[in-house]
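Notes follow the structure.
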Amino acid sequence: MTSTLQAPPGDAGPSPSRPGRARQALALARNTWRGLTSMRTALILLFLLAVASLPGALLPQRTPSPNAVSDYLAQNPTLGPFFDDLGLFDVFATPWFAAIYLLLFISLIGCLVPRSFEHVRGLRAEPVSVPRNLARLPHHAQSTSDDDPDAVVESARRRLRGWKVAVRSEPGGVRTLSAEKGALREVGNLVFHLSLVALLGGIAFGKIFGYEGQVIVMADGSEFCNSGIYAYDSFRPGLSVDGTGLDPFCMIVDDFRASFRPDGQPDSFDATVRYQDTDAVERGDTTWQPHDLAVNDPLRVDGERVYLLGHGYAPRFTVTFPNGEQRVGLIQWRPVDQATLLSEGATKIDPPGVTDESERRRSQLAITGLFAPTSSGGGLVTSTFPALNDPEAAVDVMRGDLGLDSGRAQSIFEVDRSMVEQGRLVRVARENVKPGGEIALDDGTRIRFDGVENWVSLQVSHDPAQTAVLVAAIALLGGLTLSLTVRRRRFWVRVTPAQPSTTVGRTVVSLGGLARTDRAGYGEEFGRLAADLAPPRPDDADTGRERPDPDVPADAVESGEPDEQDDREDDDGR
Amino acid sequence: MVVDASLGQFGDLLFESALAVYVLAMILHAVEHALLRRTGAEQEEARVPVAAAVGSGTVSREGAPALEDTATPARPPRTKAERFGRTGVSLTVLGFALHFAMLVVRGLAAQRVPWGNMYEFTAAISLVAVGAWLVVLRRRPELRRLGAFVLLPVIILMFLAGTVLYTQTAPVVPALRSYWLAIHVSAAVIASGILLLAGVASVLYLLRRVHENDPTRLTWTSRLPSADVLDRVAYRATAIAFPIWTFAVITGAIWAEAAWGRYWGWDPKETTAFIAWIVYACYLHARSTAGWRGPRAAVINVVGFAVMVFNLFFVNLVVTGLHSYAGVGG
Ligand code: HEM
């Protein structure tokens with residue numbers, strides 16, 4: 001059982017006359033393979049997998065929390081970059097992590113395939129014959145009977161319904177019965193490990209053919225269509241997703257409602273939406289399906305899922321230019337404090353009717369600053385509550401060149417600081433305004449704070465293998481439960497015909513039992529079987545009966561070689 | 001979502017009573033140990049092998065009668081130590097009842113399952129640990145002397161819950177308001193509680209083995225069940241808890257799919273749950289790898305429990321900033 005690495009017979013002495021190198025290489029390959037698929041290697045790889053995942057728990061990771069990684073790097077200027085080089089901020093995407101789990105799965109497959117065949121063969125094999133000395137087994141009993149051996153074996157067979165049974169004869173009229181139970185354990189074990197492979201396959205498939213996109217939609221009847229990457233604010237494609245051929249379903253966000261508890265904790269969120277699935281869009285349908293989008297309750301349409309991820313506010317400003325023309329500015333501002341939804345942003349406005357480029361660059365406007373849904377009041381506005389109880393904006397109005405055509409990507413939440421530094425964008429007003437309030441600029445332009453709209457941030461996810469992963473996970477759990485609850489056990493009966501010299505002229509019934517996996521719990525079952533098949537008889541108390549040996553289990557385990565584990569070579573040998 | 005404040009306070013009172021009763025029970029178990037040391041240690045020790053044999057379930061056909069033998073020993077009246085131990089067990093049962101009532105009251109007060117925050121979560125894990133211990137005791141009364149060692153971590157956990165982690169009764173944030181809270185978190189709580197018991201058994205196993213290999217060391221462990229029995233308790237508990245933990249992880253993934261838009265995203269909680277799962281898989285593997293069962297496997301089991309504790313405290317308290325339930329989603 002301990003010989004995990006049995007050298008194949010040919011390896012012992014490579015004969016020098018043969019093309020020795022090839023043979024040696026072959027032997028090396030074979031030994032490597034055996035080593036890789038051994039239980040010990042699997043154990044070590046599993047442990048490595050746990051250790052390699054540790055940084056993923058101890059350090060911030062880019063995938064769920066990129067900002068935390070930046071913070072960490074800023075706070076640890078020496079150690080941080082070193083960790084970064086090792087990939088410790090992206091553990092689950094590093095080559096060394098992949099190497100461990102790939103090796104583990106190679107080992108797993110190499111271990112599973114032969115094991116499955118072996119098990120199928122084993123299912124057809126007869127239970128092994130009865131050991132010579134049943135009294136040496138961890139569970140054993142002996143009694144006598146008035147029936148003849150055949151009758152005893154027959155009643156044992158009836159009692160052992162559900163067991164796999166073989167009846168054999170031994171010289172001297174001795175009849176034996178071997179019984180086995182618990183083959184389901186191995187089935188469970190194989191199902192469990194196979195499901196692991198399926199699970200990994202499913203995850204990989206999803207990573208290759210899935211995608212995830214995020215988009216902010218104003219909750220004022222605005223529409224979003226899944227028509228391509230451009231429809232998203234951010235998009236994470238799977239390895240073989242190029243953004244063409246998405247299911248072009250559409251949705252309209254009509255309304256959003258949030259309610260909060262008195263302490264500002266969110267109480268509920270939901271968005272009223274309407275959607276058309278791909279079919280409806282392609283038919284040019286005019287009807288829309290209503291849906292209530294809430295946390296924990298995504299919209300599932302065409303194999304995509306739409307989630308309500310977050311929400312925020314968008315102040316609406318109307319700018320009336322001196323010539324009487326009006327422009328409306330409405331764009332999301334982003335929360336800077338999740339607890340109070342104090343938000344910041346920059347609403348940018350191009351003056352109307354200006355055709356001259358340089359003129360335009362002198363008269364673009366930006367309304368930037370902070371927005372508080374429930375204002376603290378006073379000169380320095382901050383927010384005290386996340387709901388729209390007493391909204392107020394504290395804004396700077398900037399005029400000049402916003403740098404929108406400079407070719408550089410610009411944040412929608414900020415003005416381009418470099419334009420400010422160059423003096424090409426100057427502040428022309430600073431005021432706190434409430435809805436309905438107005439700011440008058442020096443040139444006669446008036447900016448009115450009309451009110452506030454809600455926006456929602458939506459995530460669209462697509463993972464074609466998700467259901468397969470779920471099925472694999474359920475199979476995994478089923479297999480695991482079987483393999484941990486079913487006990488493999490063996491039960492033997494030897495019936496020796498009456499021999500007047502040894503017993504009181506009665507048939508001797510010897511029983512033996514062996515748990516092939518964990519022995520815990522077999523004792524009671526064996527006790528019941530023994531009580532039925534070889535009930536103790538008062539008059540032969542001092543002949544055939546044996547006292548249990550309390551030291552057997554303790555000694556067995558402590559010597560490291562429990563008797564019954566001799567029987568487990570199939571579990572240990574690989 | 002009505003929160004009944006006075007009911008909540010009553011729950012707190014029950015919590016404190018349960019904790020006090022556990023402390024008392026632990027003290028009684030400790031006294032039992034101390035008395036055993038002084039009075040006739042040999043005589044007491046003579047009973048241990050019998051207990052071990054029954055515990056191992058390896059008795060041959062006298063199995064059933066043997067069990068009865070120990071339940072009603074034809075021995076002289078109970079020793080003083082035994083009386084202390086038995087009272088300790090009774091108090092543990094009482095503490096369990098108060099503890100259970102506390103969670104019920106808490107659930108009624110908040111009108112939801114009573115494991116919506118760290119305080120309740122920790123209290124529930126302790127409850128399961130004590131419950132699992134009582135089940136073991138019922139099936140194997142001879143393991144009673146483990147009582148003090150099982151109660152110690154429970155008391156520490158509950159003390160932390162009642163002080164550092166204490167939270168007033170309140171409804172949970174919308175992200176948590178889902179029937180998955182009941183399913184997923186119950187499974188995690190049950191698995192954690194049983195694994196606590198397994199961890200304790202493995203620690204004691206390691207200590208007891210030191211003594212068995214060299215009887216001059218750690219002599220106090222001679223009053224514990226044999227290493228073999230401890231090992232088996234640890235294994236059985238882990239074998240029951242591991243599928244439950246697996247179920248907890250899977251339902252967590254199902255919930256994450258509905259709440260956060262992906263079934264797995266390596267957030268710290270998920271990562272640590274994964275690590276714990278792998279460590280326990282290591283333990284089960286080690287149990288069937290030649291040369292790894294015994295002490296090495298026990299060490300892995302202890303590491304597994306350390307990861308569970310880390311998951312409970314470090315990830316929830318120190319790393320929370322990363323995945324807080326304050327906003328919508330994660
Ligand atoms: C992907 C990583 C793996 C995980 C998570 C894993 C997990 C587990 C778990 C939890 C068990 C306990 C269930 C039981 O006792 O039946 C187990 C048993 C087993 N595993 Fe794995 N395993 C992995 C890889 C492997 C590999 C690579 C091999 C082969 C070298 C292997 C061979 C076995 C065997 C033979 C058993 C049965 C032990 C017994 O019957 O007592 N496993 N595994």
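The values are calculated or read from the model by the stated rules, or taken from the named source; none is laboratory data. What you see is a predicted model; the values in this text were computed from it and never measured. Here Cβ is always computed from backbone atoms with ideal geometry, including for glycine, and neighbour counts include all displayed protein chains. The area values use the complete protein model at the heavy-atom level, side chains included, leaving out ligands, DNA and RNA. Shrake-Rupley method; radii C 1.70, N 1.55, O 1.52, S 1.80 Å.
Checking the cross-link filter: which lysines have an alpha carbon closer than 19 Å to that of A:K181, excluding same-chain neighbours under 8 positions apart? Reachable lysines: A:K164.
What does the charge count around B:T163 come to, taking other residues whose C-beta lies under 15 Å from its C-beta (Lys +1, Arg +1, Asp -1, Glu -1)? After counting each charged neighbour, the total is -3. Rolling a 1.4 angstrom probe over region A:268-360 with all protein chains present gives an accessible area of which 44% lies on carbon and sulfur atoms. Chain A contacts chain B over a buried accessible area of about 6400 Å², both sides summed; the probe is 1.4 Å and only protein chains count.
The angle separating the long axis of helix A:522-533 from the principal Cα axis of greatest extent in chain A is about 40 degrees. Once the 1.4 Å probe is applied to the protein heavy atoms, region A:27-116 comes out at 49 Å² accessible per residue. Cβ under 15 Å from A:K434's Cβ, A:K434 left aside: what net charge do those residues give with Lys, Arg +1 and Asp, Glu -1? Net charge in that neighbourhood comes out at -3.
The residues of region A:211-462 expose on average 45 square angstrom of accessible surface per residue, using a 1.4 Å probe on protein heavy atoms. Counting only residues at least eight positions apart within a chain, or on another chain, the lysines with an alpha carbon under 23 Å from that of A:K348 are A:K434. From the P(r) of region A:211-462, could you give the percentage of C-alpha pairs in the tail past 31 Å? Here the tail beyond 31 Å accounts for 34 percent of pairs.
In plain terms, the C-alpha convex hull of the protein assembly as shown casts an average shadow of 52.7 nm² when viewed from every direction.
For region B:178-330, carbon and sulfur atoms together expose 71% of the accessible surface, with a 1.4 angstrom probe and every protein chain in place. Projected onto their three principal axes, the Cα atoms of region B:227-322 cover extents of 46, 25, 19 Å, largest first. Largest accessible area first, the residues A:F89, A:F105 order themselves as A:F105, A:F89 under a 1.4 Å probe with ligands, DNA and RNA left out. Specify the inter-centroid distance of region A:154-229 and region B:4-31, based on alpha-carbon positions, in whole Å. Region A:154-229 and region B:4-31 have Cα centres spaced 43 Å from each other.
Near A:D146: Cβ cut-off under 10 Å, other residues only, Lys/Arg at +1 and Asp/Glu at -1. The net charge is 0.
Computed on the Cα atoms alone, the convex hull of region B:138-271 gives a volume of 150 cubic angstrom per residue. Residues of region B:268-289 that bury at least 30 Å² of accessible area once all protein chains are present, compared with their chain alone (1.4 Å probe, heavy atoms only, ligands and nucleic acids left out), are B:T271, B:F274, B:I275, B:W277, B:I278, B:C282, B:H285, B:S288, B:T289. Here is how the number arises for chain A: DSSP H runs of 4 or more residues each give -39500 (n - 2.57), the sum is divided by the residue count, and the result at 222 nm is -10500 deg cm²/dmol.
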